[in-house]
Amino acid sequence: MSKHQKRILITNVCVSSGIILAVLGVALMNIFGFCISDGNLSGKLILLSFILMIIGFILLVIATRTNANFFPHFGYLRTHILPPPTESFGSAGVPNNPISEFDIPITKFMPDVLQAQEIAKGVYEIIIDQKKYTFDMKGWILKEYYIYEIILTKIQIKFMMKNKIKSLCMSLETKNISNLKLDFLKQSGKKKSYTLIQDGKTKLNFRFKHNIKQKVIFFRNKKKYI
């Protein structure tokens with residue numbers, strides 16, 4: 001796992017744990033304050049809950065030190081007060097191999113189903129018109145999702161420009177492509193499927209929309225546009 005991949009993983013853990021502990025601390029403070037009649041015991045439990053809440057907020061602050069884009073307000077502090085991060089959410093899930101090896105063409109001759117075969121642990125191969133496209137996702141979590149996100153982003157960019165629309169976060173008409181799915185077959189035999197296009201429109205899930213918004217914010221802040 002690369003340094004950046006570890007940074008992303010640490011951020012995810014800090015965000016999830018921080019939110020849970022902060023919310024739990026606030027909830028327990030109210031429960032112990034109103035439901036326990038023993039003042040001494042209630043005070044100790046409230047103090048414990050307060051400590052949990054503080055730990056939660058500390059974890060969220062740590063998350064902003066590794067990745068400010070998870071929270072816009074913290075991101076503002078990171079941008080204007082704290083030193084900038086050395087790595088960013090913008091490159092999360094990028095394959096290890098050169099882009100020329102996984103740059104799938106989006107044309108009207110696309111098959112209805114793209115078959116992604118795991119040829120080695122964390123490495124997927126897609127064959128289109130007898131040409132192989134390899135996604136080396138070794139070291140990443142959510143390997144299949146990131147491949148889906150990369151391909152769907154390229155589809156979104158193509159039809160956003162074609163339809164003269166300025167948003168990557170909305171479903172777009174694809175006209176010549178009616179339906180398109182992305183099926184994964186792992187070495188273990190397990191299967192996973194994502195819908196890219198359905199009934200002539202791109203199909204975006206919540207995670208995709210959220211990630212795209214964060215990446216757009218990042219590249220705008222860096223004044224780098226893709």
All but one of (1) open to solvent by 70 Å² or more (accessible area, probe 1.4 Å); (2) at pLDDT below 70; (3) more than 30 Å from VAL123 (Cβ to Cβ) hold for VAL23, so report the exception by its number.
(2)
Using the structure shown, decide if ILE99 is of a type in the set (Val, Ile, Thr) and surrounded by 13 or more Cβ atoms within 10 Å (Cβ to Cβ).
no
Which of the residues that make up the range 93-125 are of a type in the set (A, V, I, L, M, F, W, C) and closer than 15 Å to GLU149 by Cα?
VAL94, ILE99, PHE102, ILE104, ILE106, LEU114, ALA116
Can you spot a residue in the range 189-198 that is open to solvent by less than 50 Å² (accessible area, probe 1.4 Å), farther than 22 Å from THR134 by Cβ, in contact with a Leu (Cβ under 6 Å, 6 or more places away or on another chain) and among the β-branched types (Val, Ile, Thr)?
yes
(1) free of Cβ contacts under 8 Å to residues at least 40 places away in the same chain; (2) more than 22 Å from the chain's Cα centre (by Cα); (3) open to solvent by 10 Å² or more (accessible area, probe 1.4 Å) all hold for ASP112 apart from (1)
Within the range 90-124, residues acidic (Asp, Glu) and farther than 20 Å from ILE197 by Cα come out as GLU101, GLU118
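Search the range 199-208 for residues being in contact (Cβ under 8 Å) with a residue 24 or more places away in the chain and open to solvent by 80 Å² or more (accessible area, probe 1.4 Å), and hand back the single one that is farthest from THR107 (Cα to Cα).
This residue is ARG207.
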Using beta carbons and a limit of 6 Å, which pairs, at least six apart or on different chains, have the first residue in the range 35-59 and more than 9 Å from GLY25 (Cα to Cα) and the second one among the β-branched types (Val, Ile, Thr) and in a helix (DSSP H, G or I)?
none
Inspect the range 158-180 for any residue being within 22 Å of the chain's Cα centre (by Cα), loosely packed, with under 15 Cβ neighbours inside 10 Å and in a helix (DSSP H, G or I) and give the result as yes or no.
no
With the first residue restricted to the range 142-154 and required to be hydroxyl-bearing (Ser, Thr, Tyr), and the second required to be at pLDDT 95 or above, Cβ contacts under 6 Å at 6 or more apart or on different chains are TYR148/LEU182; TYR148/TYR194
Is it the case that the range 64-82 has a residue that's farther than 16 Å from GLN214 by Cβ and either of a type in the set (Ser, Thr, Tyr) or modelled with pLDDT of 80 or more (or both)?
no
May I ask you to list the residues in the range 127-141 that are surrounded by 15 or more Cβ atoms within 10 Å (Cβ to Cβ) and either farther than 24 Å from THR174 by Cβ or free of Cβ contacts under 8 Å to residues at least 24 places away in the same chain (or both)?
THR134, ASP136, MET137, LYS138, TRP140
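The values are calculated or read from the model by the stated rules, or taken from the named source; none is laboratory data. What you are looking at is a predicted structure, and each value in this text was computed from that prediction instead of being measured. Methodologically, a virtual Cβ is constructed for each residue, glycine included, from the backbone with ideal geometry; neighbour enumeration extends over all protein chains shown. The accessibility values were calculated without ligands, DNA or RNA, using every heavy atom of the protein model including side chains. Shrake-Rupley method; radii C 1.70, N 1.55, O 1.52, S 1.80 Å.
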